[in-house]
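Input: a single structure, listed below in structure tokens.
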Amino acid sequence: MLLRAACVRPAVPNAQENRRLRRKDGGFTLLELLAVLVILAVIIAIAVPLIGNIIERSKQEATINTAGQIAEAARLYIISEENGQLANKTVDVATLVNSGYLTQPYDGWGAKIEGTSSVEFGANGDLKQVTLISDKLGNNPGKVLTADQIRQKKWE
């Protein structure tokens, strides 16, 4: 008889038990939802500027890589077409494109690099600088990149 009494449940739960069961079955409270929204807002506030900086930096790096490719095309052009004398030579992008050493280059912002952009070699034949001219080249429509900046991938 004792065993039977332990297994019997009341047919109708009392009011306090009914509230407890309803609370378990319910969704999230307004306070919990607001806490999640605040956390998401903080994460977004931190992430958006970081992503913007990453995108800007990738455009700058793409432009630096393009400057390196233009410099190598100029080096090949001088070696092949001008008896290999690199010392104190300047070659413009239009010459490189017209002679087939380079296809039309674009900066990291997607704008064409103008034909008046140039590559300069120093007195000993080493790369001195690359001058890039384009409509969208950041805030610098006539950006000069030195040999060190190109090697070290530094924009400023």
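We did not get these values from a lab; they are worked out from the coordinates using the rules stated. Remember, it's a predicted structure, so these values are computed and weren't measured experimentally. Here the Cβ positions follow ideal geometry from the backbone for every residue, glycine too, while neighbour counts run over all protein chains shown.
Some points to look at:
- Proximal lysines to K143, defined as alpha-carbon separation beneath 23 angstrom and excluding residues fewer than eight positions away on the same chain: K59, K89, K112, K128, K153, K154
- Partner aspartates and glutamates for K136 [C-alpha distance under 13 Å; skip if fewer than 8 residues away on the same chain]: E56, D107, E114
- What you get for region 105-156, charging only the Cβ of Lys and Arg (+1) and of Asp and Glu (-1), is a dipole of about 140 debye around the Cα centre.
- The H on the amide N of G108, modeled in the peptide plane, is under 5 Å from the matching H of T63, each at least 5 residues off or on a different chain.
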